[in-house]
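Worksheet: the structure to be examined is printed underneath.
The values are calculated or read from the model by the stated rules, or taken from the named source; none is laboratory data. Keep in mind the model is a prediction, meaning the values are calculated, not measured. Every residue, glycine as well, gets a Cβ built from its backbone with ideal geometry; the counts of neighbours run over all protein chains shown. Protein only, heavy atoms only, side chains kept; ligands, DNA and RNA dropped before computing areas. Shrake-Rupley method; radii C 1.70, N 1.55, O 1.52, S 1.80 Å.
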Amino acid sequence: TMGMQAPYSQNERLAKRPRTITIKQGIEELSLAVNSQDRINAINALLSQLDHDDEKMHDEEIRQGAANALCQKLMIALSRNFHEHHDEIANICRALRFVYRCSANVKNESFKQIGGDLLPLLSKVVEHSGGTDPCEKFSAAHRNESAQPNIATTADPTSHAFRPKTISVIRHPEALEGSLGALRNLSSAPAAEVLMSRHNGFLTLLLDVVSNKDISVDAKSNALNVIVNLAHCYENKASMVESRGLLDTLVECTLNKEDLIRNASACGLQNLTAHDENILIMVKHKSLLSAVIKLLGDENDETREFAAGTLQNLSVSRKNSVTLASFERGSVVNALLLVMAKDRHAVARNRSTWTLANILCAETLFSIQAHRGLLDTLAVVAAKDTLEDTRIQAALMFKTVVSLLQSKLIQYAAAFGKQRSQSHAINSTKGTSTNGTSASSVNGASNGASSAATALPPKPS
């Protein structure tokens, strides 16, 4: 599941709207602007033209060179003192955020052209917005970085490589929100997914934003949704789970009081669990299952859907069945049954039903069937759920539970009968030595008991 496009922030809504110009004029003026004031005027004029939700118009803006011109001006602005030019930088990032609300294909082609330059530029804006001072200029070497994801560099301090620093004081929130909004929109481009996740220090920088209590909800939500989008790419999933602090941060965010944060973290967990190896790792996380169970009761329908999807993905491997069924005395199963019976969101009910069906097997039968109202819930869901697929799965589960219980009862009855047969045989031997009771008569009684026990009709629970 991809993260949604970045919403407009209040600061962007209040942006100044200078003289009216055409998009083509605005891009030409921006391309020709040399000094700082000319750049500022051109950017402010262009902002009013880019602030809309028409995807086709954004496509045309990029075709006419808007993104390329903005990237060029951002590079120039960042070569100056950041804190003196932060307004200009913020407006450039805001314009990039707007223009990358274009179609997926145009966005992807644009990133192929300028993404190698634009990614480190936007990363620098995020870093410097937090109060750190720029100590190096940009070079073409940025586009060729191939360092492993999320590993901070220890290179020579004079190196041009991107070196993330801990964000402390938030000096320029407008620049931070604009750059993260642009990164969020860009991160949904297939060409950007792998490059972003492997860009040296990039994931660390995003996690730093999410963990900072002084950063706005809008900025944190955008940072989380970059992670969500990158986790959508299958090539990124394994390395992201192994990235230091990433899984812990997502789990912690599920407890956040802000709906946007909980929703994004739930989506991130669902994306990361859509991987065969990850589900064996993530199910062992000390707090993940408890967090997801809590999300199943979230007020947001989509968040509950993502939580149920996370459990459904975890349940795909039979190796996880016992862990999920037995976790905290069956709390996962209890939560799933509650969603199946009472949740208003059909997709959440469907995913919970599939999860329970995946968990159910011979090894987990008795722990699951012990849950109060199991068969009643399955019967009601099979008869009344609004989705046909959910009804079918519930009916199949009902049949499976009854069938497995019958099989187990037959096995227990056979074992019980064998035990009694052995017990009577021992008694008959002793009886022969004391009172002359024939072994044949005792064996006859034993055979009768064994037969009766074996013939007991299996009774469904």
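Observations
- Carbon + sulfur, % of accessible area of segment 266-315 - ligands and nucleic acids excluded, 1.4 Å: 46 percent
- Rounded, prolate or oblate (a/c below 1.5 giving rounded, otherwise prolate when a/b exceeds b/c) for segment 298-423 by Cα gyration tensor: prolate
- In sequence order, calculated HN-Hα J values of segment 211-220 (Karplus, 6.51, -1.76, 1.60; Hz; x Gly/Pro): 7, 7, 6, 8, 8, 5, 4, 4, 5, 5
- Long pairs among 56/213; 112/284; 112/286; 24/107; 124/237, criterion Cα-Cα beyond 28 Å: 56/213; 112/284; 112/286
- Ordering of 120-126, 98-104, 45-51, 399-405 by burial proxy (mean other Cβ atoms within 10 Å per residue, highest first): 120-126, 98-104, 45-51, 399-405
- Among 386-396, 286-296, the order from most to least packed when residues are scored by Cβ within 10 Å on average: 286-296, 386-396
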